[in-house]
Ligand code: AMP
């Protein structure tokens, strides 16, 4: 079910549990600001999720309430992970689903990093 991004942060969401190490993930990166791990249901040969460490539901929430340091740390982490995945030369796609029309399922901000093959059109036609 897609979530309403205007909702209060739910600290029982699955990514909050991953951040607290209550459930495992296939981690690819972690620093002070961000965690990145393989998507459990990959939609491309390379499909990693990057999440900020803070309790933010959506891009709207993050961009209005996170500190400059959190925003810089997260944005840099996404670029670093894509580079480390070897995707700079071939290219890659970043995607953040926000709210109901975008069918966001997990109410903790996440950026999908897709790559490893030509990814086709941006949206299903
Ligand atoms: P979204 O529709 O943008 O909210 O996408 C949520 C993504 O989280 C989906 O691609 C799921 O496959 C992925 N996902 C859900 N649970 C897990 C998990 N435990 N570990 C890794 N990825 C997950």
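Descriptive notes on the structure:
- Residue selected from region 78-93 under the condition within 15 Å of the ligand (Cβ to nearest atom) and within 19 Å of residue 30 (Cβ to Cβ), by the criterion surrounded by the fewest Cβ atoms within 10 Å (Cβ to Cβ): 78
- Restricting 16, 82, 77, 36 to those that are touching a residue at least 60 places away in the same chain (Cβ under 8 Å) and in contact with a strand residue (DSSP E or B) (Cβ under 7 Å, 6 or more places away or on another chain) reduces the list to 36.
- When residues of region 1-45 are limited to those that are under 19 Å from residue 75 (Cα atoms) and away from the ligand (no atom under 13 Å from the Cβ), the one surrounded by the most Cβ atoms within 10 Å (Cβ to Cβ): 34
- Contact annotation: no residue pair with Cβ atoms under 6 Å, 6 or more positions apart or on different chains, pairs a residue in region 101-123 that is more than 16 Å from residue 37 (Cβ to Cβ) and near the ligand (Cβ under 10 Å from one of its atoms) with a partner that is assigned to a strand (DSSP E or B) and modelled with pLDDT under 95.
The values are calculated or read from the model by the stated rules, or taken from the named source; none is laboratory data. Nothing here was measured: the structure is a model prediction, and the numbers come from that model. All Cβ positions, glycine included, derive from the backbone under ideal geometry; neighbour counts span all protein chains shown.
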